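The next block holds one structure in the form of structure tokens; read it before the comments.
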Amino acid sequence: MKAYAMLGLNETGWVEKQDPVCGPLDALCRPVALAPCTSDVHTVWEGALGERHDLVLGHEGVGEVIEVGDLVEDFVPGDVVIMPAITPDWGSREAQRGYPVHSGGMLGGWKFSNSKDGVFAEKIHINDADANLALLPEEISPETGCMLSDMMPTGFHASEMAKVTFGESVCVIGIGPVGLMCVRGAVLRGASRVIGVGSRPICVEVAREYGATDIVSYKDGPIAEQVLDMTDGDGVDRVLIAGGDVDTFAEAIRMLKPGGAIGNVNYLGSGDSVRIPRLEWGVGMGHKTIHGGLMPGGRLRMERLASLIVHGRVDPSLMITHRFEGFDHVEEAVRLMKDKPQDLIKPVVFIG
């Protein structure tokens with residue numbers, strides 16, 4: 001099969017690979033729509049996973065089932081499905097402990113373009129198909145369905161971890177596609193004031209459409225100072241981190257009220273240590289809690305998030321700024337994600 005892969009650090013290209021084999025619990029899909037992610041950029045051009053050779057990239061997509069294993073009960077060839085970025089092994093000990101995303105070891109549920117080939121291929125292997133795939137509702141286009149693979153579930157998970165609730169104030173650091181879904185997730189969970197941190201005009205526009213009440217730019221000075229100024233020194237109840245680096249946690253701690261919580265879904269591709277300011281953390285006793293987590297996978301979660309789109313609670317298609325047709329345009333879409341022009345939020349390749 002033809003696939004678009006990481007050839008080595010700082011190098012990508014098209015390769016020919018053996019077709020994947022469908023196990024008894026598994027499914028094979030052909031791509032219908034695909035989307036590159038900043039994580040692909042981290043993998044290739046920042047070496048976040050180390051040296052990899054001929055690793056097929058991509059973990060966001062909608063596919064059509066072309067083969068199922070003998071033990072698959074709920075899907076048949078021809079079904080159009082959401083292929084989540086995270087595909088845990090649901091029979092693992094970690095799943096039984098309540099952490100399926102870490103099946104087989106920390107972050108083990110993240111398989112595509114990590115521990116196995118990703119979705120930028122003519123044939124895509126899905127493990128535990130009945131538990132990991134979800135039918136794409138007819139009301140949702142395949143392009144929009146791509147946002148259900150990673151952007152929407154990851155962004156919403158930040159609010160879950162931080163336990164956002166009615167009437168609270170929230171700051172979302174980073175309003176790229178994941179951060180935009182953090183904004184919408186916080187609004188749906190009842191936040192009253194949502195402060196988005198970002199500078200690109202197109203992202204600011206969509207953040208306001210999703211319910212951001214205020215916008216702060218890191219270009220105007222330390223973001224914690226700006227948030228404290230606009231809240232009369234009180235700070236915010238919750239901070240959701242969807243951008244930045246290891247130093248961003250210091251800013252989050254400074255703006256967080258005692259008793260508040262941080263939900264981090266940002267992929268830290270570099271740096272050795274996360275820095276926490278001692279005094280602002282209440283010398284270790286400020287009840288300022290930090291949660292960091294990989295988005296949960298699973299069919300039920302995908303179905304519930306899809307229902308939010310069907311019933312008009314969220315429209316992730318607002319994030320799609322660039323559309324391509326044809327499998328060969330995957331390379332162009334990945335390069336676009338790397339270069340990040342000012343008018344980009346998310347590119348999608350429709351294959352049909």
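The values are calculated or read from the model by the stated rules, or taken from the named source; none is laboratory data. Remember, predicted model here, so these are calculated numbers, not experimental data. No Cβ is skipped: glycine too gets one built from the backbone with ideal geometry, and neighbour counts run over all protein chains shown. With ligands, DNA and RNA removed, areas are computed over all heavy atoms of the protein, side chains included. Shrake-Rupley method; radii C 1.70, N 1.55, O 1.52, S 1.80 Å.
Summary of computed values
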| read-out | value |
| --- | --- |
| Heavy-atom accessible surface of the range 1-72: percent carbon and sulfur, 1.4 Å | 49 percent |
| Cβ-Cβ FRET estimate between residue 225 and residue 311, R0 fixed at 45 Å, reported to 0.05 | 0.65 |
| Point-charge dipole on Cβ atoms (K/R +1, D/E -1) for the range 96-255, about Cα centre, debye to 20 | 320 debye |
| Candidates 283, 172, 194, ranked by Gaussian network fluctuation over the chain, Cα under 10 Å, top entry | 283 |
| Heavy atoms of residue 278: accessible area, 1.4 Å probe, square angstrom to 10 | 150 Å² |
| Other-chain or far-sequence residues with amide H under 5 Å of residue 136's (modelled H) | 80, 81, 82 |
| Per residue solvent-accessible surface (Å²) - the chain, probe of 1.4 Å | 42 Å² |
| Globularity index of the range 1-116, i.e. its alpha-carbon radius of gyration over 2.2 N^0.38 Å | 1.12 |
| Point-to-point label distance, residue 343-residue 246, nm (Cα→Cβ direction, 7 Å offset) | 3.8 nm |
| Test item: Cα-centred dipole of the chain, Lys/Arg +1 and Asp/Glu -1 on Cβ, debye | 1020 debye |
| Convex hull of Cα atoms in the chain, direction-averaged projection (nm²) | 16.8 nm² |
| Pairwise label distance in nanometres, residue 274 with residue 291, each label 7 Å out on the Cα-Cβ vector | 1.3 nm |
| Value of [θ]222 nm, deg cm²/dmol, for the chain, DSSP H segments ≥ 4, -39500 (n - 2.57) each, nearest 500 | -7000 deg cm²/dmol |
| For the range 125-130, 3J(HN,Hα) per residue [Karplus equation, 6.51 cos²θ - 1.76 cosθ + 1.60, θ = phi - 60°, Hz, x = Gly/Pro] | 8, 10, 7, 6, 4, 4 |
| Label-point gap, in nm, between residue 165 and residue 74 - each point 7 angstrom along Cα→Cβ | 3.1 nm |
| Residue 292 long-range amide H proximity, modeled H, under 5 Å | 264 |
| Cα pair distances exceeding 18 angstrom across the range 166-282, given as percent | 44 percent |
| Accessible-area order (highest first, 1.4 angstrom probe) of the listed residues 111, 17, 163 | 163, 17, 111 |
| Accessible area, probe 1.4 Å, largest first, for residues 168, 205, 16 | 16, 205, 168 |
